[in-house]
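Heads up: the structure comes next, in structure tokens.
The values are calculated or read from the model by the stated rules, or taken from the named source; none is laboratory data. All values reported here derive from a predicted model rather than from experimental measurement. With ideal geometry, Cβ positions are generated from the backbone for all residues, glycine too; neighbour counts draw on all protein chains shown. Ligands, DNA and RNA are excluded from the accessible area calculation, which covers all protein heavy atoms including side chains. Shrake-Rupley method; radii C 1.70, N 1.55, O 1.52, S 1.80 Å.
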Amino acid sequence: MKAPVAIVFANLKGNLGDFAILHAMLVDLERKRSGHPVHVYSQGFVPVDHARLAAFRKVAPPFELAGTTFTDNHRLHRVRVKIARFFRLRQRYQALRIKSLARNATPDAETFSRYDGVYIAGGAQWTGENSGVSMFATLRAMAAYTDRIFSYPVSVSSSLWKLNTRSGLAADFFRIQAPLIARDSTSEGMLKELGLNAALGADCVFSLAEIGKSVEAAPRGKTSLRVLLVVTSQEAVAISGALQRLRSHGISIALLTTCESEDFAVQKPTAEANGAQFLAPLTWQETVAEMKASDVVITNRLHGLILASFAGVPILPLTDRSKVLAVVNDAALPLKISNLEHLNVEVVKEAVDRRAEIVSKIADYRDRAQSKLRSPIPDERA
């Protein structure tokens, strides 16, 4: 049997976009590292959504859940963060946390020496306090035992500068085999600014397009016009207003979350109070199925846009998140709303009327993204 390979920093808290990232990685590894068992290490500071993990296992290539990556769970952390912010010492405190966790984790990280390649899950997880500390410290600890560390396409934002020194970032990212693949041109520029060998790629979820296209539409009933609302970080009053405006014109609207742990508390009671359907799929494929059963998909999630591009339906983006606005601009989508207050029957009907144009533009964007897909996996050694 060939030596195993590892995937680290998989986010299994129930975000279907993150499960889609992991699915794309597993497919890529199955194709390019055939015969190598895959061991997955999840993020240690978030709980595992076992229901969605079980559903995911049924549709994804096989893997073994081997444990978690290293985390800093000091009981005084929150107090210390507040103090560091007050005295403008966030970079210094972040550096101390990373150094301390890396030192404590290094003995246990010897387990990574047995892997014929360690692959970092793509996404935007480097940015942040808990996630950044966990990832940079684990990276340092693993690098003490292996240099075969690779990363799937990543995004970084300016908040990375606020928490970390540029020299520290450069030293840590250099531990990953070059080129470091960026999901977008902004991230590519930031990585190159650190002196790194960075290359522009695309979100690896785009590699699942053919699987997504083959998903059958969910049953939709006898409704003449169905709108699917796939949003996050919205106030209940804003969602209620949008639901009421559309339902008053006889439009059937369903509220779907791709991360139940983030959205349930607001969206479930809001949907019930307004007579709307609330959906919390277990897999990204179920999300695509609901999108295919809809006439318009409204979303402010990046992976909501990507999954909707598989569904072949008109997308009405909500551009209150920078990643979604970037896609709207790159795809030259003709319709968008900046907040839920602008969601009304007129804009929905315009999206339906311009179906062919919108579907064509998002399909072109998807195809361009697929042409930019890059894998960190080198050619299999003889």
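Structure above, values below:
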{"item": "For Leu316, distant residues with modelled amide H under 5 Å away", "result": "Val297, Ile298, Thr299"}
{"item": "Cα shape, region 294-382, gyration tensor, a/c 1.5 rule", "result": "prolate"}
{"item": "Carbon + sulfur, % of accessible area of region 137-216 - ligands and nucleic acids excluded, 1.4 Å", "result": "50"}
{"item": "Principal-axis tilt of helix 50-59 within the chain, Cα atoms, nearest 10 degrees", "result": "90"}
{"item": "Mean accessible surface per residue for the chain, computed with a 1.4 Å probe while every protein chain stays in place, in Å²", "result": "44"}
{"item": "Accessible carbon and sulfur surface of region 238-323 relative to its total accessible area, %, 1.4 Å", "result": "48"}
{"item": "Relative contact order (%) - region 5-209, alpha-carbon pairs under 8 angstrom, separation at least six", "result": "21"}
{"item": "Magnitude of the charge dipole, the chain, Cβ model with Lys/Arg +1 and Asp/Glu -1, debye to 20", "result": "940"}
{"item": "log10 of Debye I(q)/I(0), alpha-carbon scatterers only, for the chain at 0.11, 0.14 Å⁻¹", "result": "-0.81, -1.24"}
{"item": "Cα gyration tensor category, rounded, prolate or oblate, for region 250-291 with a/c compared to 1.5", "result": "oblate"}
{"item": "0 to 90° range, to nearest 10: angle between helix 130-143 axis and the chain longest Cα axis", "result": "40"}
{"item": "Rh by Kirkwood over Cα pairs, then Stokes-Einstein D for region 5-209 at 0.890 mPa s and 25 °C, µm²/s", "result": "141"}
{"item": "Square roots of five times the Cα gyration tensor eigenvalues for region 132-203, Å", "result": "18, 15, 10"}
{"item": "Where only alpha carbons of region 218-276 are counted, the Rg and the Dmax (Å)", "result": "11.3, 31"}
{"item": "Region 213-369 shape via C-alpha gyration tensor axes, a/c threshold 1.5", "result": "rounded"}
{"item": "Over region 247-337 - Rg/Rh using Cα atoms and the Kirkwood inverse-distance radius", "result": "0.95"}
{"item": "Helix 322-331 vs. the chain, principal-axis angle (Cα, 0 to 90°, nearest 10)", "result": "70"}
{"item": "Sequence-separation-based contact order of the chain, relative, with Cα cut under 8 Å and 6+ spacing, percent", "result": "15"}
